[in-house]
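Only one structure is covered here, and it is reproduced in the block below.
The values are calculated or read from the model by the stated rules, or taken from the named source; none is laboratory data. None of the values given here were measured: they were computed from a predicted structure. Quick reminder, even Gly has a Cβ in these numbers, built from the backbone with ideal geometry, and neighbours come from all protein chains shown.
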Amino acid sequence: MTKLLVLERNVMTHALPILLALIVIGGATYGLMVLSVMGSSTQGIAAAICGLAMAMLVGFACALLLFHKGLQRLRHGR
């Protein structure tokens, strides 16, 4: 049981803030690429790749939150 607590603490204190920071940086980069005045096809491709990467990061963050909820339920026996 203590290994689960350590794992839960590590996930919530290390992985989630990093993921959220990457999502914010990715969102800002995506917004700058889309709103760029001198848009080129290279920027469009980069914006699409950035959007896909953001979607993957959001999915991974959601998976970590579900993992956290599962660990809480396991710890509390519900």
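Only one of Leu22, Leu66 is surrounded by 12 or more Cβ atoms within 10 Å (Cβ to Cβ) and modelled with pLDDT of 75 or more. Can you tell me which? So the residue among Leu22, Leu66 that is surrounded by 12 or more Cβ atoms within 10 Å (Cβ to Cβ) and modelled with pLDDT of 75 or more is Leu22. Residues that are farther than 13 Å from Phe67 by Cα and surrounded by fewer than 15 Cβ atoms within 10 Å (Cβ to Cβ) within region 8-19 comprise Thr13, His14, Pro17, Ile18, listed in sequence order.
From the list Gly44, Gly31, Gly51, Gly39, pick out the single residue that is modelled with pLDDT of 75 or more and either assigned to a helix (DSSP H, G or I) or loosely packed, with under 15 Cβ neighbours inside 10 Å (or both).
Residue meeting the stated conditions: Gly51.
Scoring Leu5 on the criteria (1) loosely packed, with under 13 Cβ neighbours inside 10 Å; (2) under 25 Å from His76 (Cβ atoms); (3) at pLDDT 75 or above leaves a single failure, condition (3).
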